[in-house]
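One structure is given here, and the rest of the page talks about it.
Read-outs: derived from the displayed coordinates by stated rules, not from any lab. Source: prediction; values computed, not measured. Don't worry about glycine lacking a Cβ; one is built from the backbone with ideal geometry, like all the others, and counts go over all protein chains shown.
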Amino acid sequence: MNKSVIVVDDNVDTVGSISDFLSLRGIDILGCGKNGFEAVQLYEKYRPDVVLLDLAMPDYDGLYGLEHIKKINSQAKVIILTSLCNEYDEKKIKLFKVTEVLEKPCSSKQLEIFLKIVKMII
């Protein structure tokens, strides 16, 4: 059975490139969202192995998504993908015990690291 991921980022190009990269490597993309609210909805619907989640998004940010996903399943595997991470964000990330934090823009090397992380934690 393939590993499964949901990808949540307000940048359509980022979502597309990450989804394509992972799909070509045998990971099922169960859904894509553009804010933290959609992340929670997708998580509830699909229960993926891993959530790839941006922090800075309009309306409902990634911290909203992270907090609510962890309320649904405290053991949920969440990897944060962000270009902005302030002290408040860092505290929240530690509080909710994210699996990993990757910086944007995401190079192919970082995506390979992400792929290895996914395979290790599932």
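For segment 17-59, the fraction of C-alpha pairs more than 12 angstrom apart is 60%. Labels on offer are (i) 27.9, 76; (ii) 12.8, 39; (iii) 14.1, 40, and the one holding Rg and Dmax of the Cα atoms in Å computed from this structure is (ii).
Under a Cβ-Cβ cut-off of 13 Å, what is the net charge of the residues other than Ser74 that fall near it, where Lys and Arg count +1 and Asp and Glu count -1? It would help to have the intermediate numbers written out before the result.
Numbers: positive: Lys70, Lys71, Lys77, Lys97; negative: Glu67.
So the surrounding residues net to +3.
When the helix-only estimate is applied to the chain (DSSP H runs of n ≥ 4, each -39,500 (n - 2.57), divided by the residue count), what is the mean residue ellipticity at 222 nm, nearest 500 deg cm²/dmol? Could you put the intermediate results ahead of the total?
On the way: 5 runs with 57 residues, N = 122.
The helix-only estimate for the chain comes to -14500 deg cm²/dmol at 222 nm.
Partner lysines whose Cα lies under 29 Å from the Cα of Lys71, excluding those fewer than 8 positions away in the same chain, are identified as Lys3, Lys34, Lys45, Lys91, Lys92, Lys94, Lys97, Lys104, Lys116, Lys119. Since only Val78, Tyr60, Met1 are under comparison, the one whose Cα sits farthest along the positive direction of the charge dipole of the chain, derived from C-beta charges on Lys, Arg, Asp and Glu, is Met1.
State the extension gain, in nm to one decimal, for the chain segment bounded by Val12 and Leu95, taking 0.36 nm per residue of separation less the distance between their alpha-carbons. Please report the intermediate quantities before stating the final value.
On the way: separation 83, 0.36 × 83 = 29.88 nm, distance 2.86 nm.
So the extension gain works out to 27.0 nm.
Distant-in-sequence amide contacts of Asp49, defined by a placed amide H-H separation under 5 Å and a gap of 5 or more residues or a different chain, comprise Ser4, Val5. Evaluated with a Cβ-only charge set (Lys, Arg +1; Asp, Glu -1), the chain carries a dipole of roughly 580 debye about its Cα centre, given to the nearest 20.
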